[in-house]
Amino acid sequence: MIRVVKIGGRPQGDPRLPAIIAERSARDGSKLVLVHGGGDEISALQSALGGSTDFVGGRRVTTEIVVEIARPDR
């Protein structure tokens, strides 16, 4: 089995997290794909550029500016 786990926000900064994920993955024998969030970095860059970060119901409102910050290759 392959599991895809997205870790975002503050949990990705918890130093215990890698050991917890490794232990649980080893326990059930699953292969693991981790996807990390970059929200804190995007918020900081957006603020540095004079913008604001808006959330609705705990979710980031993705504007065209946020997309440009997150995907500079566009």
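Every number here is computed from the coordinates shown, using simple stated rules; none is lab data. What you see is a predicted model; the values in this text were computed from it and never measured.
Using the alpha-carbon atoms, what tilt in degrees (0 to 90, nearest 10) does helix 17-28 show relative to the longest principal axis of the chain? For helix 17-28, the angle is close to 40 degrees. With both residues required to sit in the chain, DSSP beta bridges show an antiparallel share near 25%.
Set the Cα radius of gyration of the chain against 2.2 N^0.38 Å, with N its number of residues, and you get 1.38. Under a 5 Å amide H cut-off, with hydrogens placed 1.01 Å from N, residue 3 pairs with 31, 32, 33 among residues at least 5 apart or on other chains.
What is the angle, in °, between the Cα long axis of helix 39-48 and the longest principal axis of the Cα atoms in the chain? Nearest 10 is fine, range 0 to 90. Taking Cα atoms only, the helix is inclined about 20 degrees.
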